[in-house]
Number of protein chains: 2
Amino acid sequence: MIGTGLEREVTRRSGVALWRQIADQIRQAISSGALGADGRLPPELALSERFGVNRHTVRSAIAALVQEGVLRAEQGRGTFVETRRRLSYPIAARTRFSEGLEGQARDRHSILLSHAVGPASSRVSEALGLPQDAPVLRLETMGEADGRPVSRATSFFDASCFAGFENAFARTGSITAALWEFGVPDYVRRSTLVSARHADSADLADLRLSPGAIVLVTVAINETLGGSPLQFSETRFAADRVELSVSGRA
Amino acid sequence: MIGTGLEREVTRRSGVALWRQIADQIRQAISSGALGADGRLPPELALSERFGVNRHTVRSAIAALVQEGVLRAEQGRGTFVETRRRLSYPIAARTRFSEGLEGQARDRHSILLSHAVGPASSRVSEALGLPQDAPVLRLETMGEADGRPVSRATSFFDASCFAGFENAFARTGSITAALWEFGVPDYVRRSTLVSARHADSADLADLRLSPGAIVLVTVAINETLGGSPLQFSETRFAADRVELSVSGRA
DNA sequence: TAATATTTGTGCGTATGTATG
DNA sequence: CCATACATACGCACAAATATT
């Protein structure tokens, strides 16, 4: 039980159920590689003694993780880790969804969930260099890798320049390809802000996450080579499936 | 109640008490700036109707946040936000703690919590280009801005080159200044991986976070201008106090 | 092959915590 | 402050599947 990444104590009357605290620790220990190197979880009795709780409580934690797809329990044999490696999503001058995950997943594509045109909020108009309330196109998209949802993005474009852009995107499944059709041969990342928070209910559903899951949020501006803002986007990545790789020597 | 950042639903039987879910949402909405722009929280009755819970439950959430120092309740007047803005920590070729937060906090410094010399794990030896089990110096440090804990880092250095480095760091409160004393005039960031997870109990205590809080984790390698690895570090940032700003056009 | 130990699965009664009205 | 309902956690016992001797 040493070096399993399960060294934290559980806290009673904290507003978080013991089974959930234990589930969180096991999930964390697995994703950090400290647990499940042999693919096997310690027996329920050992875990209950380690945490000082009843075996039922450990079983509740395990049941939740089985439901999540993190663990698999087999009667009489034990409980095993369903290994899935974390994708590494590069943030660089040329940040492209499909290219970035090349070699990490066979099938990589983006899906258009919905689109709308409306007046820009102050944040969006400022980022795109447009007058307040100028019409902007909003795209709600989702990135998938091998059928697993990876990211959920909300993007904004100048509606006067990119009328019908949603069709090009829906057809190609790629911002890069759609921009090409609109006469933008290349574009670069101007800025990226990274933060993290709990997933909201919409992202929970879209990304198929369990309550309490964390999303990595990037707020980015892409611009032409000439420096004109093209796209403003907020992307939510499932934090247990993705890490962001910032290219060095910027 | 629109645009207050309190759009998420609360989930029953999720293992997280309703009062805690509501407290987490209010805390998040405040730190994201969506709530408390006017410094004022909506009345308890409005909140209880919004979340579909009893007013008692909202009061439990508010009481927890008052205890945390996030809110301040005044009988007969209302509940108010103790405003504090989120710091923006730049990730770039030259990533320095104190310089990065310049202009965002008056007092910025790092504290040495503890240090030790021991054999390198495979991850550390690989990052530093050392043989397995080579002796490395481990520094446990904390970054503070205006007296508030911001980050908690674990750093590794080649012990054979940096014997006594901990004294230079403890005296100067800066990795950059301490490296200077050891004949390293400049260094750059080779790579940065960004992920997010729930804070563990140690970080919870050091960063003075409440259970369930999120940390942004950066795993970074700094190297000399010549390209020799200098420092391997894992830094945990309190996600509700810090966002990471990745410099564009890498 | 048979006996025994290990491990997960199930049921039930009780006490306590959480949320409602 | 109280009564009620439900979720959480505990303790014990035993069944079912698998592993070990």
Exercise. Is there a residue in segment B:65-77 that is modelled with pLDDT under 75, basic (Lys, Arg) and out of contact with any strand residue (DSSP E or B) (no Cβ under 6 Å at 6 or more places or on another chain)?
Worked result: yes
Seminar exercise, completed: Inside segment A:19-39, the number of residues satisfying the requirement of being within 13 Å of DNA strand C (Cβ to nearest atom) and either small (Gly, Ala, Ser) or more than 26 Å from the chain's Cα centre (by Cα) (or both) is 3
Exercise. Out of all the residues in segment B:175-194, is one or more more than 16 Å from residue B:220 (Cβ to Cβ) and assigned to a strand (DSSP E or B)?
Worked result: no
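With more than 30 Å from residue B:12 (Cα to Cα), among the small types (Gly, Ala, Ser) and more than 8 Å from chain B (Cβ to nearest Cβ) as the only criterion, which of A:205, A:220 stands out?
Values: A:205 fails: more than 30 Å from residue B:12 (Cα to Cα).
Result of the check over A:205, A:220: A:220.
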For this session: Considering each of A:21, A:28 in turn, give the residue that is more than 13 Å from DNA strand D (Cβ to nearest atom) and at the interface with chain B (Cβ under 10 Å from one of its Cβ atoms).
Result: A:28
Seminar exercise, completed: Of (1) surrounded by 19 or more Cβ atoms within 10 Å (Cβ to Cβ); (2) near DNA strand D (Cβ under 9 Å from one of its atoms), residue A:41 satisfies every one except (2)
Seminar exercise, completed: Considering residues that are out of contact with any Pro (no Cβ under 9 Å at 6 or more places or on another chain) and more than 14 Å from every other protein chain (Cβ to nearest Cβ), the number found within segment A:169-197 is 16
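Go through the residues of segment A:47-69 one by one and say whether even a single one is under 22 Å from residue B:194 (Cα atoms) and either of a type outside the set (Ser, Thr, Tyr) or within 16 Å of DNA strand D (Cβ to nearest atom) (or both). Can you show your working first?
Here is the first cut: in segment A:47-69, the residues under 22 Å from residue B:194 (Cα atoms) are none.
Among the residues of segment A:47-69, not one is under 22 Å from residue B:194 (Cα atoms) and either of a type outside the set (Ser, Thr, Tyr) or within 16 Å of DNA strand D (Cβ to nearest atom) (or both), which makes the answer no.
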For this session: Would you mind stating whether residue A:61 is more than 14 Å from DNA strand C (Cβ to nearest atom), among the aliphatic types (A, V, I, L, M) and out of contact with any strand residue (DSSP E or B) (no Cβ under 8 Å at 6 or more places or on another chain)?
Result: no
Seminar exercise, completed: Cβ pairs under 8 Å, 6+ apart or interchain, first in segment A:49-62 and free of Cβ contacts under 8 Å to residues at least 40 places away in the same chain, second near DNA strand D (Cβ under 7 Å from one of its atoms), ordered by first then second residue, are A:57/A:18; A:57/A:19; A:58/A:19
Exercise. What strands (runs of 3 or more DSSP E), lying completely within segment A:67-151, carry at least 2 residues that are more than 21 Å from residue A:237 (Cα to Cα)?
Worked result: A:71-74, A:78-81, A:108-119, A:135-145
Exercise. Somewhere in segment B:206-226, is a residue closer than 25 Å to residue B:126 by Cβ, touching a helix residue (DSSP H, G or I) at 6+ places or on another chain (Cβ under 6 Å) and at pLDDT 95 or above?
Worked result: yes
Problem set entry | Scope segment A:70-79; condition more than 10 Å from DNA strand D (Cβ to nearest atom) and either under 11 Å from residue A:43 (Cα atoms) or free of Cβ contacts under 8 Å to residues at least 24 places away in the same chain (or both); matching residues | A:72, A:73, A:79
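The values are calculated or read from the model by the stated rules, or taken from the named source; none is laboratory data. Predicted, not measured: the structure shown is a model, and the values here were computed from it. Note that we place each Cβ from the backbone using ideal geometry, even for glycine, and neighbour counts take in every protein chain shown.
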